[in-house]
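Novice: Quick one: structure below, then a few questions.
The values are calculated or read from the model by the stated rules, or taken from the named source; none is laboratory data. This one's a predicted model, so the numbers in the text were calculated from it and none came from an experiment. Please note: Cβ atoms are built from the backbone with ideal geometry, for glycine as well, and neighbour counts cover all protein chains shown. To get the accessible areas, we keep the full protein, side chains included, count just its heavy atoms, and leave off ligands, DNA and RNA. Shrake-Rupley method; radii C 1.70, N 1.55, O 1.52, S 1.80 Å.
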Amino acid sequence: MIGDLILIFVFAIIWQRIIKLRKTNFREFIFELSIYFVVFCLNLILYKFFSSALSLIFDFGLFPSIVGIFALSFIILYIIVRFSVYYIFKKKHWTFEKRKKIIDKEISFFDFFIHSMEDFQKAFTIFFAINLIIIFTLLNSFVDVFTHQKILNYENNRALDMKAERMINNAKSSADFKNNLRQTLKFLKTVDPRAYEKIIEHTNSFVVSKDIPSNLPAADFLAYASFPEMSITFKPIFTRPFNSLEDQIYFSMLMVHEAEHLKNYRENSGFIVNSLNYAYLKVRCNPITNYQYFSNIKRAHHMYVDEWCAQISEVKFLKQFNIDYKEYWMKHFENN
């Protein structure tokens, strides 16, 4: 999302000015920070209104981002307020004496709530950290442009198709399961080639089994990834013929989740590589900058980094179809 990159750039300009004033001119720093803080609070209060208004102009159907809408509405509102202040001073509706009085009142306002400079520094640091989270979340969204919307080239596509057909034919299960698998992978290749590539590239086989590994809760078991076999095992419920698009989407979601485990396992080769990859996954899949996906997750067996990545991938996958993981799709999970 190029828009996210533009928003990050604008945020950087604003904060560079605020931090510079903090070192060179404390009174002007208070004035600029007050404008920023007022716009920030106003944006929080009017978020639903801005979200509805912006949705009439921009398409938020794919990966609707809470942070993206908040940042866009904030920048628009901030520019309007900042331009209004500049215009008022240019037209001399405000004099420098009035500006001085306004800053004095702003300082008195902060003094009323924060009684020492040390406490003010702490409050400013916390507020700055909140804004950093917003900026890094925007960066996460921007990275999705290069990771989620990847289109396969012809040669790679052909090789993957051959491997997919081989795994389908070698699956030891009923003809109905093989047909479900074939139709779902065909569906995935069309709607999300990146997910199709990840599943086929990192999976060696598909298995159906009633046996539940001892480390998995029986109630939660529908599919699991096996190492080092690099296979995805499904519950026998998926041997029944699919009769709806929802069945294919749900089956795809499980494969996306388990393939993420297989991908991360395959990339963890050697102590040094494993350590670096684990650190990378911690950054990429952390709950803070991905909170809009974690807020919809209910069924983690273990909350560790690899599981974070797997569950983020499945929630992102469902968002392509505007499916609410929490309110709707969990019912499908519980009913099966």
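Novice: Provide the per-residue ³J(HN,Hα) series for region 158-173, in order, calculated from phi with Karplus coefficients 6.51, -1.76, 1.60 and θ = phi - 60°, each as a whole number of Hz, with x at glycine and proline positions.
Specialist: Values per residue, Gly and Pro as x: 5, 5, 5, 4, 5, 5, 4, 5, 5, 5, 5, 5, 8, 5, 8, 7 Hz.
Novice: Oh, and also: Calculate the spin-label point distance for LYS186 paired with TRP15, positioning each point 7 Å from the Cα along the beta-carbon direction, and give it in nanometres.
Specialist: 4.9
Novice: Leaving ligands, DNA and RNA out of it, rank HIS257, HIS115 by accessible area with a 1.4 Å probe, largest first.
Specialist: HIS115, HIS257
Novice: Could you give the length gained on full extension between LYS163 and LEU46, defined as 0.36 nm per residue of separation minus the Cα-Cα distance, in nm?
Specialist: Full extension of this stretch gives 37.0 nm more.
Novice: Moving on. For LYS319, LYS172, write out the residues from largest to smallest accessible area, computed with a 1.4 angstrom probe and no ligands counted.
Specialist: Ranked list, largest accessible area first: LYS172, LYS319.
Novice: Could you work out how far apart the two model spin labels at ASN179 and LEU245 are, taking each label as a point 7 Å from the Cα in the direction of the beta carbon, and quote it in nm?
Specialist: Spacing of the two 7 Å Cα→Cβ label points: 2.1 nm.
Novice: Related question: I need the calculated FRET efficiency for the pair LYS98 and PHE37, taking r as the beta carbon distance and R₀ as 22 Å, to the nearest 0.05.
Specialist: For LYS98 and PHE37, the calculated efficiency is 0.65.
Novice: I would also like to ask the following. Provide LEU181, LEU42, LEU276 ordered by accessible surface of protein heavy atoms (probe 1.4 Å), highest first.
Specialist: Most to least solvent-accessible, the answer reads LEU276, LEU42, LEU181.
Novice: Give me, ordered by chain and number, the residues 5 or more places off VAL207 or on other chains with an amide H under 5 Å from its own placed amide H.
Specialist: Amide H neighbours of VAL207: ILE232, THR233, PHE234.
Novice: State which entries of LYS48/LYS98; LYS189/LYS316; LYS20/LYS282; LYS172/LYS198; LYS163/LYS263 exceed 24 angstrom in Cα-Cα distance in the structure shown.
Specialist: Pairs exceeding 24 Å: LYS48/LYS98; LYS20/LYS282.
Novice: What does the net charge come to around ASN169 if you take all other residues with beta carbon closer than 10 Å to its beta carbon, with K and R at +1 and D and E at -1?
Specialist: Neighbourhood net charge equals +2.
Novice: Using a cut-off of 12 Å between beta-carbons, work out the net charge of the residues near GLN16 (Lys and Arg +1, Asp and Glu -1, GLN16 not included).
Specialist: Within the 12 Å Cβ shell, the charges total +3.
Novice: How big is the accessible area of GLU246 in square angstrom, nearest 10, if you roll a 1.4 angstrom probe over the protein chains?
Specialist: For GLU246, the solvent-accessible surface is approximately 80 Å².
Novice: Here is a further query. Keeping all protein chains in the complex and leaving out DNA, RNA and ligands, what accessible area do you get for PHE187 with a 1.4 Å probe, in Å² to the nearest 10?
Specialist: It works out to around 30 Å².
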